[in-house]
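Heads up, the thing below is written out as structure tokens.
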Amino acid sequence: MSRIVYTLIALVAVNSCGPATQAPSSPEDSEAPDAGEYSGADYDVEVTRGVLVPMRDGVELSVDIYAPAGADGPVPAILTSTPYDNNGSRSSAEWFAARGYAVVAADVRGRYDSEGEWDTFNALHKTDGYDLVEWIAAQPWCTGKVGMIGGSYLGWTQWWTASTAPPHLAAIAPKVAPPDHFENLPYQNGVLVGGWMLDWAAMLSGRTQQIAGAGGYLGWSENRQDPPHTPYIEINESRGLRAGPWFEEWYRNNLSTADYWQGIAYQTPESYSNITVPSLSFTGWFDANYPGSPMNYLGMKEYGATPEARRPSMIIGPWVHGINTQSSGGIDYGPDAVIDVDGYVVRWFDHFLKGEDNGVTNDPPVYVFVMGENRWHAEDDWPLPQTAWTNYYLTSSSGANSSAGDGLLTTDAPADEGLDSYVYDPLNPTRDPFDTWPNKNGHIDGALDTRTSAAGEEVLVYRTPPLEEAVEVTGPIEIKLYASTSARDTDWFVRLVDIGPDGYSALLTEAVMRARNRDPGNEGRFNSAALSTIEPDEVYEYTLRFWRGTGNLFLEGHRIGIEISSSWYPYYLPNLNSGADNVAMVTADEAVVATQRVYHGGERASHVVLPVIRRER
């Protein structure tokens, strides 16, 4: 079994108060993804380092080649492309090479031993992937079948490559692959991601890793600005970094129509329709790059170019960005939470690259881990076909401000109209729990307790009464919000929490959206391509999709909770409410304090739509 870690500091499990869970299921009745039988470690490994591979524009990328020694003829190959130094791929490369695969670990353009200009989102990364695949396939030691592996940015490089349709690419297995750049980073539905994203950018601001000291993201998580420098477009430079001009490009181009983003985008119908290969995706309910996996699953199902491409597979565990752990956020999900990830991947490649008839195509296409009961479920599709979409309405009597208010979440639509209001000061934002957790890397570290942040008057809290029976919520979530602001722009944040009898408020997932990114012609949904006008105190309809789904059994006696605020810092940079087209160009002295109103009942019945699953237990 393997423990795959993509965050740059150790994930620490500690004993703490947390939501109650049922005993983990026994191995006999587990539906966990089973790697079954796969290629054994039958070979010693030979390594050739620093091979230069020419790209179509003459730039040469550096690759290290790990080959199974003594193989009887050509073998299939696996490519991994990284900006983090291809020496870091050694352990994984040796593991796969020992099982009869030639593994090629590449430094991406402009990093470490590779030539070219470094830009995180240079469109040439796409064609570089194509050229690498075809170079590998042409080597005498390769059968002509090439797969790809890797997580996080290395998941991006797989999808970028696949979207160019290299003829010899046969399969991809991306882990925690991010989506395009307005659905996760640097923009989460129009909201600027702060925290870890800024630290990641700082670390990458050069040909090699930039080190600030000990701690997360090579010390950058321990050296944050608080409050952040404004205007935000200057943040990287204000931290002493001069070799990352692409950072300013991210912020200068704040709509997806910009050429900069169009060149690297891969989640369009046109791109998906180019992809011919099967995909096996891994993510976790607390993965900071979660949206990519389910979005790609749905995109490939609808637009994939071949039957194999239109039959994607996806595994979602109770994991953070560093997947395949038993505990996260101090909560132990039981030994069943850890699976044989590398074994599952190599069995996948044994079929699609080696041609073995091992039954992998008969596996269920979707596996989800349901927290609370701590059990895997094999499913036929995503969203789950048996989903009962259930409206939970927001209402209150005296006011929903803070966890001390009387905000109620109910399945009965309130007949009477009402509203709750709060004041949002961008210079005094609501703080998230992530930067106080021991990891202190700003990632989503699990189902952390939101009670401290929910104690403020600038947070609205709505809760069901204690549940009389357990309720499973598994799948994507959205909320219909009727709201107004006294400013000309603002942000909306909505969080789903599991509130235990002891009061622990476990963060499960969240929705965010910049107000001006609402699409008036589409129920107020997020629109990355255009900004709308927000008139002060005008009531607008917003439809926010939670950017992470969840799989959680709310146990008997627990309460389902919704929290609403206009900031969640430092994970996100506060919207200064100025109304300017580009939030990144605004300075702190332009900040506007706003009165926010959320309406409920009658014709403005704000409600969250939960994917309720009924099973025999």
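Could you tell me how many degrees, from 0 to 90 and to the nearest 10, lie between the Cα long axis of helix 341-352 and the main elongation axis, the longest principal axis, of the Cα atoms of the chain?
Rounded to the nearest ten degrees, it is 60.
Compute the signed sum of charges (Lys and Arg +1, Asp and Glu -1) over the other residues within less than 9 Å, Cβ to Cβ, of Ser578.
So the environment of Ser578 carries a net charge of -1.
Considering only protein heavy atoms, with the full assembly of protein chains and a 1.4 angstrom probe, order Arg617, Arg495 by accessible area, largest first.
Arg617, Arg495
Suppose a student asked you for the relative contact order of segment 317-376, using Cα pairs under 8 Å spaced at least 6 residues apart; what percent would you report?
In percent, rounded to a whole number, it is 32.
Can you tell which of Ala413, His377, Asn391 lies farthest toward the positive end of the dipole of segment 319-449, using +1 and -1 charges on the Cβ of basic and acidic side chains (Lys, Arg; Asp, Glu)?
After comparing all options, I get His377.
Reachable aspartates and glutamates from Lys301, Cα under 14 Å, same-chain residues fewer than 8 places away excluded?
By straight Cα distance, Lys301 reaches Glu270, Asp380, Asp381.
Would you pull out the residues with amide H under 5 Å of Val45's amide H, same chain only if 5 or more places away, H placed 1.01 Å from N?
For Val45, whose amide H was placed from the backbone, the distant partners under 5 Å are Ala69.
Once every DSSP H run of n ≥ 4 in the chain is given -39500 (n - 2.57) and the sum is divided by its residues, what mean residue ellipticity at 222 nm do you get, rounded to the nearest 500 deg cm²/dmol?
Only helices count here, giving -4000 deg cm²/dmol.
Could you give me the ³J(HN,Hα) list for segment 385-391, computed from phi with Karplus coefficients 6.51, -1.76, 1.60 and θ = phi - 60°, whole Hz, x at Gly and Pro?
Rounded to whole hertz, the list is x, 8, 4, 9, 5, 10, 7.
Per residue of segment 591-596, in order, report the coupling 6.51 cos²θ - 1.76 cosθ + 1.60 (Karplus, θ = phi - 60°) as ³J(HN,Hα) in whole Hz, putting x for Gly and Pro.
4, 10, 6, 10, 9, 10
Counting only other residues whose beta carbon sits under 12 Å from that of Pro414, what net charge do I get with K and R as +1, D and E as -1?
Cβ neighbours under 12 Å give a net charge of -3.
At q = 0.06, 0.07, 0.09 Å⁻¹, what log₁₀ I(q)/I(0) does a Debye calculation on the Cα points of the chain give, no solvent, two decimals?
With one equal scatterer per Cα and no solvent, log10 I(q)/I(0) is -0.30, -0.42, -0.70.
Tell me the angle of helix 153-162 to the major Cα principal axis of the chain, expressed in degrees between 0 and 90 and rounded to the nearest ten.
The angle comes out near 70 degrees.
List every residue whose amide H lies under 5 Å from the amide H of Glu356, counting only residues 5 or more places away in sequence or on a different chain, with H placed 1.01 Å from N in the peptide plane.
His351
Could you pull out every one of the aspartates and glutamates with an alpha carbon less than 17 Å from that of Lys440, ignoring same-chain neighbours closer than 8 positions?
Partners found: Asp199, Glu222, Asp226, Asp287, Asp432, Asp449.
Using only Cα atoms, locate the centre of segment 580-617 and the centre of segment 61-107, then give the distance between them in Å, rounded to an integer.
Between the Cα centres of segment 580-617 and segment 61-107 lies a distance of 46 Å.
Accessible area per residue of the chain at 1.4 Å probe, in Å²?
Spelled out: the 1.4 Å probe surface of the chain, per residue, equals 35 Å².
If you count, for each residue, the other Cβ atoms within 10 Å and average over each peptide, how do 441-452, 136-147 line up from highest to lowest?
Taking the mean over residues of other Cβ atoms within 10 Å, the ranking is 441-452, 136-147.
Using modelled backbone amide H atoms (1.01 Å from N, in-plane), which distant-in-sequence or interchain residues come within less than 5 Å of Gly399's amide H?
Residues meeting the criterion, in which the H sits 1.01 Å from N, are Asp406.
Check cross-link reach from Lys145 to the lysines: straight Cα distance under 17 Å, and skip same-chain residues fewer than eight apart.
Lys354
If you count, for each residue, the other Cβ atoms within 10 Å and average over each peptide, how do 588-601, 325-338 line up from highest to lowest?
Ranking, from highest mean packing down: 325-338, 588-601.
Run the accessible area of segment 204-272 with a 1.4 Å probe and give the carbon-and-sulfur part as a rounded percent.
49 percent
Report the accessible area of Thr164, computed with a 1.4 Å probe over the heavy atoms of all protein chains in place, in Å² rounded to the nearest 10.
My reading of the accessible area for Thr164 is about 40 Å².
The values are calculated or read from the model by the stated rules, or taken from the named source; none is laboratory data. What you see is a predicted model, and the numbers here were worked out from it, not measured in a lab. Positions of Cβ are backbone-derived with ideal geometry, glycine not excepted, and every protein chain shown enters the neighbour counts. Ligands, DNA and RNA are stripped out before the accessible areas are found, and what is left, the full protein with its side chains, is counted by its heavy atoms. Shrake-Rupley method; radii C 1.70, N 1.55, O 1.52, S 1.80 Å.
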